[in-house]
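Just so it is clear, none of the values below were taken in a lab; they were calculated from the coordinates. Note that the structure is predicted; figures quoted are calculated from it, not measured. Glycine gets a Cβ as well: all are built from the backbone with ideal geometry, and neighbour counts include every protein chain shown.
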Amino acid sequence: MIIGLVTAVAASACYGTGSVLQAVGSRKSARQEAATASSTGTTQHGGPSLSSTAKAAVTWEFMVGTVLDFIGFGLGALAARMLPLFLSQTVISANLVVTALLSVKLLGIRLTKPEWASIGVVCSALVLLATAAGHEGGGDAARSTHWWLLVISVVLMGGGTVAVRLMGSRAAILAGLLSGLGFGAIGVGVRILDGIDPFDLPTLIADPALYAILISGAVGMYLHTVALQIGSVNGATAALVVGETVLPGIIGVLLLGDSSRPGFAWVAILGFLLAVTGAVAVAWFGEPEGAPQAEPEPKELQPTVSG
């Protein structure tokens with residue numbers, strides 16, 4: 001349990017730091033396109049074009065953030081196999097706190113009192129969940145569950161990408177939520193994946209859950225980038241938190257046998273609800289009047305050269 005918690009916290013730190021660095025890179029790319037009066041930066045619906053997203057992805061800040069995301073993914077996969085999903089996914093989702101704190105320093109954002117209060121609610125919820133968590137259930141699931149995970153991942157990621165592109169500049173929260181659902185699907189997929197222990201490559205390749213993980217990861221990363229390009233970094237991350245926490249937690253309890261400590265079920269439910277409520281509150285206060293929040297120009301980051 002302790003090793004699993006430490007692993008989940010480390011994954012959370014990597015994800016949170018990565019999100020802020022990716023936001024810095026996205027905004028730097030957007031400023032450069034604006035300075036050159038590029039006409040290819042947005043779609044006809046006002047959202048970022050594929051070329052704009054690609055340019056954001058090749059800034060050094062974004063690439064470092066992506067490396068941290070991959071490290072966070074590996075740590076999160078380990079945590080998902082050692083902890084109940086409602087605990088591992090929620091602890092990982094605490095990257096919202098890391099994102100908020102670093103955005104103050106690196107993006108020059110001033111958090112409001114309601115945002116600070118909401119972050120405090122999320123932290124309190126994590127304490128409740130850690131207190132209530134019992135042992136994780138087995139990773140065994142019916143083969144149909146593996147196929148359903150793949151089908152749902154394809155529908156959500158494919159349909160969600162179309163919806164985000166049609167909504168354009170209004171799609172920040174939706175893109176964040178869908179990317180969270182994609183990352184949540186990764187957590188479920190890793191938990192039920194065949195051919196891991198003991199390792200068996202043919203079994204691993206034949207498992208539909210593997211392809212659900214790959215599709216959800218790739219499209220989820222793209223949607224997360226779009227959310228960072230067009231919306232508040234804290235609001236987009238909060239929406240992601242809801243997506244990657246709620247469904248995996250429910251699936252873990254209903255299908256995979258996750259449970260709380262005897263007599264602590266109410267504490268687990270309270271902590272889970274508070275975590276989701278706090279994340280939604282951060283998104284709400286970070287996106288006034290439903291529009292993307294105008295954030296100050298991020299501070300330029302200069303790579304340091306030692307020696």
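What the table shows:
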item	result
Amide H partners (placed H, <5 Å) of S260, local residues excluded	G134
Listed peptides 207-216, 183-192, 146-155 by packing density, highest first (mean Cβ within 10 Å)	183-192, 207-216, 146-155
Proxy reagent accessibility, fewest Cβ within 10 Å first, across F272, F86, F285, F264	F264, F285, F272, F86
Mean Cβ count within 10 Å, highest first, over the residues of peptides 226-233, 166-173, 21-28	226-233, 21-28, 166-173
Within the range 2-290: Cβ-based charge dipole about Cα centre, in debye rounded to nearest 20 (Lys, Arg +1; Asp, Glu -1)	720
I205/V67 FRET efficiency (R0 35 Å; Cβ-Cβ; nearest 0.05)	0.85
Förster radius 22 Å - calculated FRET efficiency between I3 and V127, Cβ distance, rounded to 0.05	0.70
Ranked packing of 125-132, 107-114, most packed first, by mean Cβ within 10 Å	125-132, 107-114
Amide H within-cut-off set for I109, under 5 Å, with H built and near neighbours excluded	V104
